[in-house]
Amino acid sequence: RLELHWFLDQITRQPVANHWQALARASFREELDSQQRSLTSVVLRCQCDAQFADLEQLLTEWIDINEQPLERWKHILADFKIGQSHDFAKFSVALRELMLLSLNCQPVSAK
């Protein structure tokens, strides 16, 4: 739903011209993995009762609660999708936004 696999593909496909760019691309992949783990942890740490035994339902509820910060992430992805090529600064900004999402999102509370 957050299209993190698609974003990983964009990072992986980013051409590199030198050793430093190769290191940056590898760093971006590692950062994306880290942010995906962080977001997963945030969702799973929710105070859930039996009504959220279904993880799909829990994820849907979490997305609904965090609609505004998720919209920012979706706008960044939309910018990536309309462009054919991306520079390393663009990936850096997108990963920063993903980190802020994991830090600022709200947990799902038990009802």
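Ranked by the mean number of other Cβ atoms within 10 Å of their residues, highest first, the peptides 24-31, 13-20 come out as 24-31, 13-20. Karplus-based coupling profile of region 24-38, in residue order and whole Hz: 4, 4, 4, 5, 5, 5, 5, 5, 4, 4, 4, 5, 5, 4, 4, with θ = phi - 60° in 6.51 cos²θ - 1.76 cosθ + 1.60 and x standing for Gly or Pro. Extension gain for the segment ASP79 to LEU103, taken as residue separation times 0.36 nm less the Cα-Cα distance, is 6.4 nm to one decimal. As I understand it, the dipole of region 1-73 uses +1 on the Cβ of Lys and Arg and -1 on the Cβ of Asp and Glu, about the Cα centre. Which of GLN68, ALA26, GLN10 lies farthest toward its positive end? My answer, from the dipole projection, is ALA26.
Each peptide among 79-87, 97-105 gets the average number of other Cβ atoms lying within 10 Å of its residues, and from highest to lowest they stand as 97-105, 79-87. Based on alpha-carbon atoms, the Kirkwood radius and the radius of gyration of the chain give Rg/Rh equal to 1.04.
When only the Cβ of Lys, Arg, Asp and Glu is charged (+1, +1, -1, -1), the dipole of region 50-108 relative to its Cα centre reaches about 340 debye. Helix 55-65 axis versus longest C-alpha principal axis of the chain: approximately 80°, rounded to the nearest ten.
The numbers here are math on the coordinates, done by the rules we state, and not lab data. Computed from a predicted structure; not experimentally measured. Quick reminder, even Gly has a Cβ in these numbers, built from the backbone with ideal geometry, and neighbours come from all protein chains shown.
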